[in-house]
Structures are given as C-alpha cells and as structure tokens.
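To start, the structure itself, in structure tokens.
The values are calculated or read from the model by the stated rules, or taken from the named source; none is laboratory data. Model, not experiment: these values are computed from the prediction. Counting neighbours? That spans all protein chains shown, and the Cβs are built from the backbone with ideal geometry, glycine included. The accessibility values were calculated without ligands, DNA or RNA, using every heavy atom of the protein model including side chains. Shrake-Rupley method; radii C 1.70, N 1.55, O 1.52, S 1.80 Å.
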Amino acid sequence: MQVCIHRGTKEVGGTCIEIESEGKRIVLDVGLPLNVENSIRHLPMVKGFREPDASLLAVVLSHPHQDHYGLSHYLHPEIPMIMGGAAERILKASALFTPTGAVFKHVLHLEHGKKLNIGPFVITPYLNDHSAYDAYSLLVVAEGKRLFYSGDLRGHGRKSTLFETLVQHPPSNVDMLLMEGTTIGRTGPESQFKTEKELEQDFLEQIRKTHGMALVWTSGQNIDRLVTIFKATKRSGRQLIMDMYTAEILRETGNLKLPQGTWDGVRVFLPDSQKRQIKKNGQYDRTNAYSSNRIYPEELADAASRSTMLFRPSMSRELERAGCLKEARLIYSLWRGYLKHKGQQRFLEWLKKHEIPLIHCHTSGHASPQDLQRYAKAIAPRMLVPIHSFETTRFKEYFDNVVMKEDGQWWEIT
C-alpha cells in the first residue's frame, strides 16, 4: 500500500490524501485550503479528479467542514463519494442556502464500526467527537497493512465518550497513523480547552448580563455549540431565535434529540438573503414547515429582551431596520483569528456605531495537545505521520515514532 499526502503536511486545512493498492486508488478528503479563494486551480492533480479514470475507486470525506470537502464540487460527477449519511444531508441542505454546500451523484455512507469494502481496500469508520457533525476517523486496510487516519477530532465536546472509548479500545496493529495536530505548539492556558458543558455556563452568564437582544455569532453547522446555546438560553428563561438555514441543518442531522425549529421555545427567522434562495429554488415547503414558529422583522423589537438570536454579519442591516438592537450584546463563538481579517473591519465599526459589546465565548473543535498525546499513545502506531498542522516539525516533541513527509511525496507502508 502506497500513500501520498497531496496537501496537509505543513498546514491546517486543504487536506487531501491518496492511497494506492494493487493499481487501485482511494482519496481521503478534498479540502479547500484556508485563506484562498474557492477555485479549481487549488484542486490537487490526482488522476480521475477531472477526467474519468477507472483506477480511482472513490473519494472519502471524513466530515462536512470546508477544509476537508470544500473542493469536492470540482470533481468529475461520476466519482463515487463516501461520507456519513447525515454529512451528505447537511451538505445538500447547505447547498440550498450557501455556495459552500455540495450535492453528489453517487454516494455510499459511512457507519460507525461497519466495514466497507472498496476494491482491495477495507475501510472501517470510527465516529469522532468534533465540532462538525458526523465526523469520522478511518481505518484503511489493504495488502495486510493498516493505516489509521484521525480526521479531525477532540475529547472535550458533547460526544467526548467517543474519544474515551477509542482511547480505551483503539484499533490494533496500526502500521501508520496519519494524525491531525491543529493545536500542537500551544502552551499554557492556550492548550487547555473548556468543555461544552463549561461553555454553557459562560453563555448563561453572558445572556443574563444582556438587557436587550443577546446575539450569538457561531457556525450553523457546529451542532455541539448550537446545543450549548440552546441549553443556556433555556436556562436563562429566554427563547432562541435561529435562522432558517440553521433550522434546516439541525433537521437534516436526523437526530430529533437536537434542538429543532419546530420546538416550543424556538422561533425561526428568515433573513432576506435566505429568502431569496428559497424563492430562487422554489423550496417553499421548507418555510411552511416552520410556519407556526416563524418570527418576522416587525416582531423582533418587542421580543429583544426575551430572546437569544443566532446571528451573522449579513443580517446586521435587517436588525438595524427592525429596531431591535438597543442594549444588545454580541457573543462571538468562533476562532478569534477570523475577526482579524480585513473584511471584518466594516462589521466591527458597525458594532461600535450601535454600542454593541463583543464578548468571546468559545472552545476549540480540535483535541488539546494533551489529548492528542493520549490518543497517539493508545494507538501506538509503528509510524506516526503529522498532518493538518502548522507545527508538524514539532510533533517529535510530543510523540514517538514520528516520520515527517512532504506534500506530493509518495511512499510505501512497510
């Protein structure tokens, strides 16, 4: 079995790994690199990506985050795709509202612990605790060799038992571990992450401090965080207002234990940008599903002091017109680095104009360095290859059996 990391040996995001055995190939992830435009020129030069090639059996998407699937819409449409069932539904729902979604023609689904035979490859998925829903690690076996791909994972989310179970019962006899290291290099307080339960308490405190509308800017696909916000909102005695995009993502998980746009205590708002997409695609049945829980712009001012509202900057002018921003507070629940992008300057000025304070309330979607050490020690691979990190050269400070590879380099598992 031979392996080539086309992208990922020196960066977070844009992951793409090709595996070959007996003249047949699979690819793990086709991610969009961070901080580049979405363009086909960033698609790795893999045989079969652009033109049909019978030796390319499938592309496997470990989870629905853009840095792992973001270039997949440039692939030849006849390529079989493999991903979690909920991940496929989430990407399809996202495609209705945003240009970052994806719809595929031929799809097989990953299921936790269920082996999938693809030519000479046997793939066993392990469901992960991660900020993306339906995320997997992947054991790939061929020619008697065993490769384990961590995907993205953490041990402090609402599915932390998955992480603990894998540490207690890891895959055996792993020849090579391709392991993400997003947090490698962080030290001191930066290397210690709050659990989602601890974050829920932080949200509750911030919501209680807010006299007007509590605005929360987070990812509509960070399901753990949406649960955290819902629980904190409910404990505060407020109602949660979510946009229709988020309501659809939650519905498409297929997990009715998660907050839904049809629940008591939840209202659904349809921003103008999403309304245009609904009309463009004639998806009026989606709005009808939330008719009894809809909230309209003219109702927002009266509801402000009794509501927590999921928010994104594209909604700012609408809320301004609705007159619901008096004594509002913005709770920012994403990576701080996004705020440093030049494109956010106008939004930060908008916050200042309306005297809306910004409070950071977040925890990482990736495992801490300490949890990564536990993970690697439990798996005990014969070779650990660093990926998905800007600090891959520092892996030897943390782990045993580290072997560095370069983007585009082919090697054989021996």
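Looking at the range 76-122, the GluC sites (Glu not before Pro) that sit in a DSSP loop and have at most 16 other Cβ atoms within 10 Å of their own Cβ are Glu78, Glu111. Charge tally around Ala380: other residues with Cβ under 13 Å, Lys/Arg +1 each, Asp/Glu -1 each, net +2. Glu51 contributes an accessible area of around 130 Å² to the protein surface, as traced by a 1.4 Å probe with all chains present. Computed extension gain for Tyr296 through Ala95, at 0.36 nm per residue and net of the alpha carbon distance, reaches 70.0 nm. Per-atom-type breakdown for the range 164-229 gives carbon and sulfur 46% of the accessible area (1.4 Å probe, protein chains only).
When the trypsin sites (Lys or Arg not before Pro) in the range 55-108 are filtered for DSSP coil states and for at most 15 other beta-carbon atoms within 10 Å of their beta-carbon, the remaining sites are Lys105.
Computed on the range 1-96, with alpha-carbon pairs under 8 angstrom and 6+ residues apart, the relative contact order is 25 percent. Amide hydrogen proximity for Ile241: with H placed 1.01 Å from N in the peptide plane, the residues at 5 or more positions away or on another chain lying under 5 Å are Arg267, Thr308, Met309, Leu310. Taking the 1.4 Å solvent-accessible surface of the range 292-414 as the whole, the part contributed by carbon and sulfur is 47%. When the chymotrypsin sites (Phe, Trp or Tyr not before Pro) in the range 330-414 are filtered for DSSP coil states and for at most 16 other beta-carbon atoms within 10 Å of their beta-carbon, the remaining sites are Trp335, Phe390. Each label was represented as a point 7 Å from its Cα along the Cα-to-Cβ direction; for Arg382 and Asp407 these points are 3.0 nm apart. With protein chains left intact and a 1.4 Å probe, residues in the chain average 43 Å² of accessible area per residue.
For Gln283 and His360, FRET efficiency with R0 = 51 Å and r from the beta-carbon atoms, rounded to 0.05? It comes out at approximately 0.90. Take the Cα of Glu320, go 7 Å toward its beta carbon, and the backbone nitrogen atoms of the range 347-372 under 20 Å from that spot belong to 347-359. Only DSSP H runs of four or more residues enter the estimate; each adds -39500 (n - 2.57), and after division by the residues of the chain the mean residue ellipticity at 222 nm equals -7500 deg cm²/dmol. Spin-label model, Thr393 to Arg374: label points 7 Å out along the Cα-to-beta-carbon direction sit 3.1 nm apart. Which label belongs to the value computed from this structure, given these candidates for Cα Rg over 2.2 N^0.38 Å: (1) 1.47; (2) 1.01; (3) 1.09? Correct label, based on the coordinates given: (2).
Taking 15 Å as the straight-line reach from the Cα of Lys275, the aspartates and glutamates in range (excluding those fewer than 8 positions away in the same chain) are Asp243, Glu248, Asp285, Glu318.
Quick one: of the DSSP bridges fully inside the chain, what percent are antiparallel, nearest 5? Don't skip to the end; give the middle numbers.
Values: 28 of 66 bridges.
Restricted to the chain, the bridges split so that about 40 percent are antiparallel.
Using +1 at the C-beta of Lys and Arg and -1 at the C-beta of Asp and Glu, which of Tyr290, Val266, Ile249 has the Cα lying farthest in the positive direction of the dipole of the range 248-303? So the residue furthest toward the plus end is Ile249. Using Cβ point charges alone (K and R +1, D and E -1), the dipole size of the range 138-277 about the Cα centre works out to roughly 500 debye. Using a probe radius of 1.4 angstrom, the carbon and sulfur fraction of the accessible surface of the range 49-113 is 56%.
With all protein chains in place and ligands, DNA and RNA left out, the 1.4 Å accessible area ranks Arg286, Arg276 as Arg276, Arg286, largest first.
So which residue, out of Ile17, Ile82, Ile356, gets the largest mean-square fluctuation from a GNM of the chain using Cα contacts under 10 Å as springs? Between Ile17, Ile82, Ile356, it is Ile356 that shows the largest mean-square fluctuation. Taking the Cα centre of the range 75-194 as reference, the dipole from Cβ charges on Lys and Arg (+1) and Asp and Glu (-1) amounts to some 200 debye. Straight-line cross-link partners of Lys405 among the lysines, defined as a Cα under 26 Å from its Cα and at least 8 positions apart when in the same chain: Lys10, Lys24, Lys47, Lys145, Lys377, Lys396. Rounded to the nearest whole Hz, the Karplus-based 3J(HN,Hα) values (6.51 cos²θ - 1.76 cosθ + 1.60, θ = phi - 60°) of the range 132-145 follow the sequence 8, 7, 6, 9, 9, 8, 9, 9, 10, 10, 7, 6, x, 9, with x at glycine and proline. About its Cα centre, the dipole of the range 157-237 is roughly 500 debye, where the only charges are +1 on Lys and Arg Cβ and -1 on Asp and Glu Cβ.
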